[in-house]
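Here the structure is laid out as structure tokens; the discussion comes afterwards.
The values are calculated or read from the model by the stated rules, or taken from the named source; none is laboratory data. Owing to the predicted nature of the structure, the values given are computational and were not obtained by experimental measurement. Every residue, glycine among them, receives a Cβ derived from its backbone with ideal geometry; neighbour counts consider all protein chains shown.
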Amino acid sequence: MTSSRSTRRDALRNRDAILDAAARCLSDDPGASMSDIAKAAGVVRVTIYGHFASREELVEAVLIRTIDRSEAELAELDLEGDPVAALDRLVRRSWRIVDTFHRLLGAAEEALSNERIMAHHAEPMARVQALIERGQREGSMRRDLSAEWLTTCFSALLHSAAAELRAGRLAEADADRVVATTVVSLLTAPAG
């Protein structure tokens, strides 16, 4: 019994080490190979394949883990009060998360379909949509477009900004302001 428990602990440690190494490697180089990741994790490639059948599966596992950790952080964000101010806080915090992991996101975009990536964003997007719906009810967010569409735009803008940052067309120093200003101006109701 002790031996099997010890084996399971070793397997969990290896899996965590692989996920940690994959997150680091893919953040540094979205094209990092399984060999690169194995070396960084201190395991052999066969150990990685014992946990993940393919590079795509590993990338998806890293993405899910990153989203889960980010979701825990966003869950603590105060979205009470003025919906537009709350939207600004949400965009800036969400953007910092996307910014931190934009190279990892690049690896995910190369390995996974957009549908698979978006399927893992259900919880964060529900938070965005609920805020937009509240803003629409209170009249501070535009009502001429559906909350679902505005949520999609929110997500698309953050992901596009991450791609622009990776490509060098968006300056790191300007990104926070540019992304927040763009999203808030798109979602808020016109004055008057």
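Brief remarks follow.
- For the range 80-102, the set of residues classified as outside any helix (DSSP H, G or I) and surrounded by 18 or more Cβ atoms within 10 Å (Cβ to Cβ) consists of 101 only.
- Applying the criterion of being outside any helix (DSSP H, G or I) and charged (D, E, K, R) to the residues of the range 109-154, the residue that is surrounded by the most Cβ atoms within 10 Å (Cβ to Cβ) is 142.
- Residue selected from the range 29-49 under the condition surrounded by fewer than 16 Cβ atoms within 10 Å (Cβ to Cβ) and touching a residue at least 24 places away in the same chain (Cβ under 8 Å), by the criterion nearest to residue 16 (Cα to Cα): 42
- Test for residue 71: is it of a type outside the set (A, V, I, L, M), part of a helix (DSSP H, G or I) and free of Cβ contacts under 8 Å to residues at least 12 places away in the same chain: no
- Given (1) outside the structural domain of residue 127 (by TED's automatic domain parsing); (2) touching a residue at least 24 places away in the same chain (Cβ under 8 Å), index of the condition residue 21 fails: (2)
- Considering only residues in the range 50-68 that are exposed (fewer than 13 other Cβ atoms within 10 Å of the Cβ) and not aliphatic (A, V, I, L, M), the one that is modelled with the highest pLDDT turns out to be 54.
- Complete set of residues in the range 173-192 that are in contact (Cβ under 8 Å) with a residue 24 or more places away in the chain and either surrounded by 15 or more Cβ atoms within 10 Å (Cβ to Cβ) or in a helix (DSSP H, G or I) (or both): 175, 176, 179, 180, 182, 183, 184, 186, 187, 188, 189
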